[in-house]
1. Could you grab me the full set of residues in segment 138-150 that are free of Cβ contacts under 8 Å to residues at least 24 places away in the same chain and either open to solvent by less than 30 Å² (accessible area, probe 1.4 Å) or hydroxyl-bearing (S, T, Y) (or both)?
2. Pick from segment 161-191 the residues that are at pLDDT below 85 and open to solvent by 10 Å² or more (accessible area, probe 1.4 Å): which of them is nearest to V119 (Cα to Cα)?
3. Out of S102, S93, I need the residue that is touching a residue at least 24 places away in the same chain (Cβ under 8 Å), polar (S, T, N, Q) and in a loop (DSSP other than H, G, I, E, B). Which one?
4. Tell me yes or no: at least one residue of segment 81-89 is of a type in the set (V, I, T), open to solvent by less than 50 Å² (accessible area, probe 1.4 Å), in a loop (DSSP other than H, G, I, E, B) and in contact (Cβ under 8 Å) with a residue 40 or more places away in the chain.
5. Report the residue count in segment 41-60 for those that are assigned to a loop (DSSP other than H, G, I, E, B) and not hydroxyl-bearing (S, T, Y).
6. Please give the strands (runs of 3 or more DSSP E) falling wholly within segment 110-167 in which 1 or more residues are more than 19 Å from I82 (Cβ to Cβ) and among the basic types (K, R).
7. So in segment 58-80, with the set limited to residues that are touching a helix residue (DSSP H, G or I) at 6+ places or on another chain (Cβ under 6 Å) and more than 22 Å from S169 (Cα to Cα), which one is surrounded by the fewest Cβ atoms within 10 Å (Cβ to Cβ)?
Amino acid sequence: ALASIGPLLVQAVGPESRAQADVRMTLPQPAGDWYSPAAGQWQWHPPSRVAGSISGWFGHGEKLVQLTVQYPDGSEPGADVIGSSGFFVPRDSGSRLVERGSREVVLQGDRLALTEARVESGQGELLLAWSWYAIGDIRTANGYVAKLAQLQARFSDPGVQVLRIVITSRLHSIEESRALLQRFIEDNASVLSLNASMNEDGLTVGRQQPD
């Protein structure tokens with residue numbers, strides 16, 4: 001069953017139209033032995049095709065992971081994250097895409113083919129980023145699959161929205177950074193099981209609950 005829960009909630013309420021929506025979003029607390037650090041470690045943020053975006057930091061020992069959720073907030077009619085899974089270099093940021101490809105990981109027992117990128121930020125920081133879309137219970141980095149899932153989902157929920165999720169770590173060694181990101185999605189799986197829908201009350205983003 002799909003349900004919105006308190007720890008992760010976006011509520012957009014437009015008095016006359018969604019173009020005037022006021023969107024507020026908070027992220028859940030870290031799970032397990034992860035913690036919320038006092039500050040981040042780098043300045044880079046993934047570019048977006050939509051106006052809605054929130055980022056949070058999760059610490060594990062001395063290492064940090066940045067979680068970014070991008071979503072259409074209703075202020076731009078027709079805006080959609082689909083097509084942006086491979087976007088990693090903000091315009092005029094000085095960042096550089098070192099390498100980009102596909103990688104298969106495990107999320108909640110399911111195989112997920114996501115987009116992986118190595119990025120050099122404008123400040124010279126080397127980062128590893130994983131990116132994918134969330135549409136209901138579908139997770140994919142493939143734009144065609146995401147669009148098909150979006151169209152199918154709208155038969156049962158006409159207001160379904162597609163989210164883009166990006167997690168990033170500093171690039172220590174490639175295997176070490178991959179292991180950190182994999183551990184993050186394993187330990188914080190409930191944080192990443194997101195779904196979103198737009199209805200007459202605005203945009204609600206919540207977490208998928210098990211049956």
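1. Of segment 138-150, the ones free of Cβ contacts under 8 Å to residues at least 24 places away in the same chain are 138, 144-145, 148-149.
Scanning segment 138-150 gives Y144, A149.
2. Initial filter on segment 161-191 (at pLDDT below 85): 161-162, 172, 188-191.
Retained after the next criterion (residues that are open to solvent by 10 Å² or more (accessible area, probe 1.4 Å)): 161, 172, 189-190.
Working: Q161: 28, H172: 12, A189: 24, S190: 27 Å.
If we take residues in segment 161-191 being at pLDDT below 85 and open to solvent by 10 Å² or more (accessible area, probe 1.4 Å), then H172 is nearest to V119 (Cα to Cα).
3. Numbers: S102 fails: in a loop (DSSP other than H, G, I, E, B).
It is S93.
4. Just the residues of segment 81-89 that are of a type in the set (V, I, T), to begin with: 81-82, 89.
Cutting the leftovers down to open to solvent by less than 50 Å² (accessible area, probe 1.4 Å) gives us 81-82.
Among the residues that remain, those that are also in a loop (DSSP other than H, G, I, E, B) are: 81-82.
Those still in the list that are in contact (Cβ under 8 Å) with a residue 40 or more places away in the chain too: 81-82.
Within segment 81-89, one or more residues are of a type in the set (V, I, T), open to solvent by less than 50 Å² (accessible area, probe 1.4 Å), in a loop (DSSP other than H, G, I, E, B) and in contact (Cβ under 8 Å) with a residue 40 or more places away in the chain.
5. Of the residues in segment 41-60, the ones assigned to a loop (DSSP other than H, G, I, E, B) are 41-51.
Add one more test, that the residue is not hydroxyl-bearing (S, T, Y), and what stays is 41-47, 49-51.
Going through segment 41-60 one residue at a time, the tally reaches 10.
6. 110-120
7. Let us first name the residues in segment 58-80 that are touching a helix residue (DSSP H, G or I) at 6+ places or on another chain (Cβ under 6 Å), namely 63, 65, 74-75.
Going one step further and asking which of them are more than 22 Å from S169 (Cα to Cα), we end up with 74-75.
On the way: G74: 24, S75: 19.
Only one residue fits best here, namely S75.
Listed here are the residues, each with its yes/no results for (1) more than 16 Å from the chain's Cα centre (by Cα); (2) of a type in the set (D, E); (3) closer than 22 Å to W57 by Cα; (4) modelled with pLDDT of 95 or more.
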{"position": "R91", "(1), (2), (3), (4)": "yes, no, no, no"}
{"position": "R100", "(1), (2), (3), (4)": "yes, no, no, yes"}
{"position": "L112", "(1), (2), (3), (4)": "no, no, no, no"}
{"position": "E116", "(1), (2), (3), (4)": "no, yes, yes, yes"}
{"position": "V119", "(1), (2), (3), (4)": "yes, no, yes, yes"}
{"position": "L128", "(1), (2), (3), (4)": "no, no, yes, yes"}
{"position": "A134", "(1), (2), (3), (4)": "no, no, yes, no"}
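The values are calculated or read from the model by the stated rules, or taken from the named source; none is laboratory data. Given the structure is predicted, the values throughout are model-derived calculations rather than measurements. Backbone-built Cβ (ideal geometry, glycine too); neighbour counts: all protein chains shown. With ligands, DNA and RNA removed, areas are computed over all heavy atoms of the protein, side chains included. Shrake-Rupley method; radii C 1.70, N 1.55, O 1.52, S 1.80 Å.
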